[in-house]
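Undergrad: Have a look at the structure that comes next, please.
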Amino acid sequence: MTLRDQLEDLAGEMVGKGIRLEDAQQEFEKHFIVRALAAADGNLSRAADLLGIHRNTLSRKVTDYRLQR
């Protein structure tokens with residue numbers, strides 16, 4: 001099964017369960033940030049580079065989502 005197929009299945013499942021787009025986006029973003037931070041050993045600058053966002057933006061999101069570095 002390809003990644004595209006997996007995403008299609010997941011999107012269908014989430015819509016079927018009544019999950020709102022905004023909630024899904026926030027949950028995905030949190031998990032994506034956590035993975036990038038782990039790959040960068042907690043270094044915000046390197047994680048921000050991996051994510052393609054500014055370090056300050058990442059710092060704000062880490063605070064907003066109450067994530068561990």
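Undergrad: When the accessible area of the chain is computed with all protein chains present and a 1.4 Å probe, what percentage of it is carbon and sulfur?
TA: About 51 percent, which is the carbon plus sulfur part of the accessible surface.
Undergrad: Compute and list, largest first, the equivalent-ellipsoid semi-axes of the chain from the alpha carbon gyration tensor, each √(5λ) rounded to a whole angstrom.
TA: Rounded to whole Å, the semi-axes are 26, 14, 9.
Undergrad: Next question. Hey, if we sort K30, K17 by accessible area with the 1.4 Å probe, largest down, what's the order?
TA: Ranked from most to least accessible, the order is K17, K30.
Undergrad: Using the heavy atoms of the protein chains alone and a 1.4 angstrom probe, what is the accessible area of the chain per residue in square angstrom?
TA: 81 Å²
Undergrad: OK, next. Between H54 and L3, with labels modelled 7 Å along Cα→Cβ, what's the label distance in nm to one decimal, could you check?
TA: Computed distance between label sites H54 and L3 equals 2.7 nm.
The values are calculated or read from the model by the stated rules, or taken from the named source; none is laboratory data. Please read these numbers as outputs of a predicted model, since none were measured by experiment. Here Cβ is always computed from backbone atoms with ideal geometry, including for glycine, and neighbour counts include all displayed protein chains. Side chains included, ligands, DNA and RNA excluded: accessible areas come from the protein's heavy atoms. Shrake-Rupley method; radii C 1.70, N 1.55, O 1.52, S 1.80 Å.
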